[in-house]
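The values are calculated or read from the model by the stated rules, or taken from the named source; none is laboratory data. All values derive from a computational prediction rather than experimental measurement. Cβ sites come from the backbone with ideal geometry, for glycine too, and all protein chains shown count toward neighbours. The area values use the complete protein model at the heavy-atom level, side chains included, leaving out ligands, DNA and RNA. Shrake-Rupley method; radii C 1.70, N 1.55, O 1.52, S 1.80 Å.
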Amino acid sequence: MEAVLKNLASTAELLAVAAHSGVVEQWDKQTLCRAFQWARYCEHLYTRFHDIPVIRRVMEKQLQLTNQSLRAVFPGYTEVAFSDLSRYQHLLLCGLLKNPELPISIMKILFDTSNPANNQQSEYQDVTGFCSLTIQCKSACKVLSPLTDLSAVGADAEVQGVMLMERLCAGREACRTEHILDSVLQGCGGATQHFCQVITAALLTKKNLPAQTASQGFLLDWLQKEHSVLQHMCSALPATLIIDLAKEHLKFRDAYCDMLKKWASEMEYSITEGEWVQSSTERTVSFQRLTEHFLALFEACPSLREDVEKELHALKTFDGDFDVRGLSVWGDLLSAFNK
């Protein structure tokens, strides 16, 4: 029993280190696997002893002594109760994700989707994709929930968006937060559409916490620098989501409006098609779709329309102020607005 109590105390200390210590910067995959192995060991202790009062009282006393020691070492430490033993892997995962010192290399292991965590027994059970597996479970729960207001971005993207916001809120420095976002983007590979949905879910997360507001502001600044991601969001996501973002965030509204004007500036009139088309080989949006984007934005943000139309009138005048279709994209946009 003495060895069991020693292991119990050591694992509680491990949990505190995972959540509060900068030592996690030195962790590698083997260390991560060992940590989850000890967490599963505590879950096994709970299963074996939770209904044996004598042993349970001894273990509870050991946890009280360990909690007392850890409170003195780690400010903000959350005490571990005997009942928490049943979910030690979950507590370990949450502690790691909330620790701003967690290295990107460990995050990539936890979120890796190429080799998801499995239930096969091994010396060090594989933790690759542990978060992805958690996301799948949470997504399934959300989809099967009797609630009618299912997420517009998809349950999995919503869960990942919330987790991304929690991770950004834990960041202490702007450079580290940017590194997190760049790593997440790089890790998405060709799944740009899904990444945009995750970003959308993160920006639409509502908890009204100062840390979250700051993180969303930083996310918007980063998005403006990542032109390709912003362009994909504006062209590929449903119009309702884009408008929700525009109404919720002034920075996004302005970036969205600038993107629409940029698309218009890249158009040239095609005599053969009898329509304005984008001059680049990869056509992002049609003239009709561009008009719909503008009108939806004006409907959601009426105060914006006057300023935009004034700017378009100035651009039309610069083009010669002709009222003949096909001579100025700005003039034809204004005509389309007034139909």
Extension reserve of the residue 79-residue 304 stretch, reckoned as 0.36 nm per residue once the Cα distance is removed: 75.8 nm
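For residue 23 and residue 206, what does the FRET efficiency come to when R0 = 35 Å and r is the distance between their Cβ atoms, rounded to the nearest 0.05? The partial results should precede the final answer.
On the way: r = 34 Å, r/R0 = 0.98.
That gives a FRET efficiency of 0.50.
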Cα gyration tensor shape for the stretch 13-71, rounded if a/c is under 1.5, else prolate or oblate: oblate
Accessible carbon and sulfur surface of the stretch 6-55 relative to its total accessible area, %, 1.4 Å: 53 percent
Interchain or long-range residues, amide H under 5 Å from residue 276's placed H: 270
Neighbourhood net charge (12 Å Cβ-Cβ; Lys/Arg +1, Asp/Glu -1) for residue 276: -2
Residue pairs, from the table 108/225; 29/108; 310/339; 261/339; 206/251; 316/339, whose Cα atoms sit over 21 Å apart: 108/225
Simple label model, 7 Å out from Cα along Cβ direction - residue 94 to residue 4, nm: 2.6 nm
At R0 = 41 Å, FRET efficiency that the Cβ-Cβ distance of residue 13 and residue 194 yields, to 0.05: 0.60
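What net charge do the residues around residue 318 carry, taking every other residue with its C-beta under 14 Å from that of residue 318, with Lys and Arg at +1 and Asp and Glu at -1?
Details: positive: 261, 310, 316; negative: 311, 319, 321.
Summing Lys and Arg as +1 and Asp and Glu as -1 gives 0.
With a ≥ b ≥ c the root eigenvalues of the C-alpha gyration tensor of the stretch 55-108, is it rounded (a/c under 1.5), prolate (a/b larger than b/c) or oblate?
On the way: a/c = 3.64, a/b = 1.71, b/c = 2.14.
In terms of gyration-tensor shape, oblate.
Would you mind working out the accessible area per residue for the stretch 201-240, using a 1.4 Å probe, and quoting it in Å²?
Values: 1920 Å² over 40 residues.
Counting only protein heavy atoms, the per-residue value for the stretch 201-240 is 48 Å².
Between residue 239 and residue 101, how high is the FRET efficiency from 1/(1 + (r/R0)^6) when r is the Cβ-Cβ distance and R₀ = 41 Å? Nearest 0.05. List each step's numbers first, then the result.
Working: r = 41 Å, r/R0 = 0.99.
That gives a FRET efficiency of 0.50.
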Simple spin-label estimate for residue 339 and residue 273 in nanometres, 7 Å along Cα-Cβ: 1.6 nm
